[in-house]
Amino acid sequence: MGKDDKLNLIIMRDDTRVRRYRLRVAWFRFFLYLQIVLILAAVGGSYAGVVYWGQHLELVNANKDLRAQLSDQSIQLERLQNIQEILKTSDPEEIHSLFNTVTKERQSLPQVINLQDLFVAMDLQMAGVANLQLKTAGEDLRITFELNNLAEGTLSGEIKVYFITQEASVFEAQGEASELSFEIQRFRRVNSILKVPSGLDLDTIFAIRIAILGNDDENIFIQTYPVTNILTS
């Protein structure tokens with residue numbers, strides 16, 4: 001089909017006569033290509049709008065973060081300026097008051113507790129603890145458990161018990177020497193009072209650590225038990 005060829009467009013209606021239009025092929029192709037270009041432009045515009053809108057949101061968030069950082073830095077700068085003004089006055093009372101305030105703020109910060117150091121564990125498969133229970137006995141505690149011999153032959157040594165507080169402080173408990181020393185073939189029932197150190201509140205004890213030592217005073221078993229899991233009425 002050449003450029004000078006024409007297309008016949010016939011329009012027929014019931015209430016009017018038949019109309020016939022002649023349209024050059026070049027014009028038809030022009031309108032067809034124009035529609036394709038408009039569709040591509042619309043798709044490209046939509047894609048660009050989505051991309052630029054995402055970049056706009058990223059810039060808005062970055063601007064918000066920068067404003068927050070500037071606000072924090074302005075507060076810190078104001079504090080430093082206040083400290084500088086106080087130091088310029090050379091007033092010992094104001095300087096002492098400032099240092100006391102900083103010290104109290106640091107003390108009020110929560111301490112970071114390493115749980116790996118708190119829950120120490122060791123088991124050489126020579127001794128075992130079963131049916132562990134802890135009871136209150138006035139201002140002290142009573143501990144009972146079954147000590148099992150997992151080694152061949154006679155097992156002898158001593159048992160040490162430690163109190164671990166909510167602040168991760170460790171205190172060795174004083175118990176009955178006859179109950180916390182042993183020489184067994186198979187198993188033995190341990191039942192001992194644990195003296196709570198003076199000034200230590202029972203409610204602050206978080207866990208009990210049991211350490212079993214052999215004849216050479218080397219640890220053969222260490223385990224830590226939260227009080228809530230073993231405390232009975």
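Odds and ends about this structure:
- When every residue of the range 24-45 is checked against the conditions, none turns out to be outside any helix (DSSP H, G or I) and loosely packed, with under 10 Cβ neighbours inside 10 Å.
- Members of the range 172-186 found to be assigned to a strand (DSSP E or B) and surrounded by 16 or more Cβ atoms within 10 Å (Cβ to Cβ), listed by number: PHE182
- Any hit, the range 198-214, residues being hydroxyl-bearing (Ser, Thr, Tyr), in contact (Cβ under 8 Å) with a residue 24 or more places away in the chain and farther than 16 Å from SER169 by Cα: no
- Note on the range 151-161: residues that are part of a loop (DSSP other than H, G, I, E, B) and either more than 15 Å from ASN219 (Cα to Cα) or touching a residue at least 40 places away in the same chain (Cβ under 8 Å) (or both) amount to 3.
- Looking at GLU94, GLU78, GLU58, just one residue is among the acidic types (Asp, Glu), assigned to a helix (DSSP H, G or I), outside the structural domain of LEU213 (by TED's automatic domain parsing) and modelled with pLDDT under 80, and that residue is GLU94.
- Per-region count, the range 116-150, residues surrounded by 14 or more Cβ atoms within 10 Å (Cβ to Cβ) and part of a loop (DSSP other than H, G, I, E, B): 5
- Under the condition of being surrounded by 13 or more Cβ atoms within 10 Å (Cβ to Cβ) and touching a helix residue (DSSP H, G or I) at 6+ places or on another chain (Cβ under 6 Å), the residues counted in the range 159-168 number 3.
The values are calculated or read from the model by the stated rules, or taken from the named source; none is laboratory data. Keep in mind that what you see is a predicted model, and the values were worked out from it rather than measured. For neighbour counting, all protein chains shown are included, and Cβ atoms are generated from backbone atoms with ideal geometry for every residue, glycine included.
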